[in-house]
Amino acid sequence: MHNHDHQLDEMYRDIILDHYRSPRGRKDVSDPTVVNEGMNPSCGDEIELKVRLAGDKVEELGLHCAGCAISVASGSMLSEIAEGRTIGELKRIAAAVKGMLTTGEVQEDVDLDELSDIEVLEGVRQFPVRIKCALLAWVTLIEGLERYENGETVKPSTTEESAIA
Amino acid sequence: MESATHTMLKERLDSRKIRHDFPILSRSVHGHPLVYLDNAATTQKPISVIEAERDYYLLANANVHRGIHSLAEEATGAYEATRDRIAAWLGGVAREEVIFTRGTTEAINLVASSWGVANLKKSDRIVLTQMEHHANLVPWIQLAERTGVELVYLPIDSSGRLDLAAADSLITPATRLVAMTQMSNVLGTINPVEQIAELAHRQGALVLVDGAQSIPHMPVDVNAIGADFFAFSGHKMLGPTGTGALWGRRELLEAMEPVQFGGEMISLVRWDRATWAEIPYKFEAGTPNIAGVAAWSAAFAYLESVGMDAVLEHEHTWTEYLLARLTELPFLQIFGPDDVKDRGAVVSFEVDGIHPHDLAQYLDSRGVAVRAGHHCAQPLIRLLGRTATTRVSGYLYSTESEVDILIDSLQAARRYFVG
């Protein structure tokens, strides 16, 4: 099989296409503590995310992502692991995902293998233009949580500059 | 409808023969032959253009306009020869009315920041269309922010054509400029510029035409269409990147202030003042892209040898075939006019269940180059209810077998993503 076909199949693995076709986390959240929107204007990926916190823990998370298969799948995977985790844990996981996709190194004390299907996104590294698609849900979540921590109001975020650090 | 005899007598373009003149078309991508369908973004170059640029540096390179020595004369000759070619190409205009720029974007920005800033005020109106490229949109948005001028948009109908009835009511006496594309880079729609120009002139408004997508594919006579300004790019018509031009009527250009200052565009310079050169040089500050402009001549020569009528006819036939084959696919929706009378070889579409970015990625793995995204027309794409579309665009070297490969790849993509 041609090397590029192999890389493409790695990016679009069955697990990812499954998340794309049946995305998890598509629910409304009552009494949300954090509501945030994110988009990648040049791709056409858009996400809206709602989180209800109990203390510093995510009690419920729902999101709605319209966009490419990578952005939708990544959002779906995020929704599978977010509930029950603290803000601090989610920040470390987000940093680990970013590390996995950008430098290939995970600095945080996080084992991505343990986190549902997330490490399957690693194939996106071979297609640098798509990294921001995989990061959109994560950046939108973390920015929303940080704004909440700072007592700020909500604005749309984009991963277009932050993806390739 | 032409008779068969008439069609036979006309010189038909032989795209297979033409392809031999374009070296890049024989390369492969991920193990597949390149199928280049992104001509609205930029076009490939015939070997004669590539060699012209190379030969310029090998044989004639020097700075233009200032030198006495032979190389300077030759370089200037090559540069100015392209200006003469363009003047003829646009329907026989004065050479002084042709300003070289880096492309369409810079040309339109020149009009906005020079003519626009000097002439427009708060009670004035600029009329655009809903199908403009950012190059013919953002400069006017900026101008509106600076001067308070009002921007209104000619709407498009569900077929992707301009609503001409609305044009009549939107182009009011307060209208000072109508800026519009001659052919949409998203919908492929060819606009009736002459008709709208007439409405504009009746109200005393000027007309700026974005010719980036039109002039590579059809004959253009700027006076016949009623333009006061016409902007276009070299790289979209087989020429080098970094080349383009603004044509403007003499009286307009003579009244306009330059926006870039420095060498070449001056006449007299003292410690405390400077005077400007005559047009066109007033607007050509600094050392230009001499090699690119010189090689651009070869692009014109190539198109002339093929004949723009032959190019247009080839694209009509090709686009008709493309639309017919795309329409066969039940999972696909096409945007824009369905009649090739009103549309050029640019087709945007959507495949059910596959986002344009994923589709473009998959097609790339099959060697097929298309574009996905907003195509520098975010407001238009959002008007279509999308955040992105997939776009295919052909040119004189595009073949029907490439369309067949595209269709096969779309079917394979559908199986890959949807099942």
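The values are calculated or read from the model by the stated rules, or taken from the named source; none is laboratory data. These numbers come from a predicted model, not from an experiment. All Cβ positions, even for glycine, are placed from backbone atoms using ideal geometry, and neighbour counts span all protein chains on display.
On the stretch given as the stretch B:387-417, residues that are surrounded by fewer than 23 Cβ atoms within 10 Å (Cβ to Cβ) and out of contact with any strand residue (DSSP E or B) (no Cβ under 7 Å at 6 or more places or on another chain) total 11. Of all the residues in the stretch B:362-382, those that are modelled with pLDDT of 95 or more, within 10 Å of chain A (Cβ to nearest Cβ) and part of a helix (DSSP H, G or I) number 3. Just one residue in the set A:Leu78, A:Leu61 is away from chain B (no Cβ under 14 Å), modelled with pLDDT of 95 or more, more than 27 Å from B:Ala360 (Cβ to Cβ) and crowded, with 17+ Cβ neighbours inside 10 Å; that residue is A:Leu61.
Screening the stretch B:242-276 for residues that are of a type in the set (A, V, I, L, M, F, W, C) and in a helix (DSSP H, G or I) and picking the one that is nearest to B:Ile99 (Cα to Cα) gives B:Leu253. Return a yes/no flag: does the stretch B:193-207 have any residue that is at pLDDT 95 or above and on the phi > 0 side of the Ramachandran plot. Yes - at least one qualifying residue is present in the stretch B:193-207. Number of residues in the stretch A:11-29 that are within 13 Å of chain B (Cβ to nearest Cβ) and out of contact with any Lys or Arg (no Cβ under 9 Å at 6 or more places or on another chain): the value is 11. B:Ile405 falls short of the stated requirement of being at the interface with chain A (Cβ under 10 Å from one of its Cβ atoms), in contact with a Lys or Arg (Cβ under 8 Å, 6 or more places away or on another chain) and closer than 17 Å to B:Leu37 by Cβ.
Of the residues screened, B:Ala88 is one that is at pLDDT 95 or above, within 26 Å of B:Arg249 (Cα to Cα), in the same structural domain as B:Ala277 (by TED's automatic domain parsing) and surrounded by fewer than 17 Cβ atoms within 10 Å (Cβ to Cβ).
Taken over the stretch A:111-145, residues that are farther than 21 Å from A:Arg24 by Cβ and touching a helix residue (DSSP H, G or I) at 6+ places or on another chain (Cβ under 8 Å) amount to 4.
Quick one: would you say B:Asp210 is closer than 18 Å to B:Phe100 by Cα, assigned by TED's automatic domain parsing to the domain that holds B:Leu90 and in contact with a His (Cβ under 7 Å, 6 or more places away or on another chain)? Yes, satisfied. Restrict the check to the stretch A:21-40 and report whether at least one residue is at pLDDT below 90 and touching a helix residue (DSSP H, G or I) at 6+ places or on another chain (Cβ under 6 Å). Scanning the stretch A:21-40 turns up at least one residue that is at pLDDT below 90 and touching a helix residue (DSSP H, G or I) at 6+ places or on another chain (Cβ under 6 Å).
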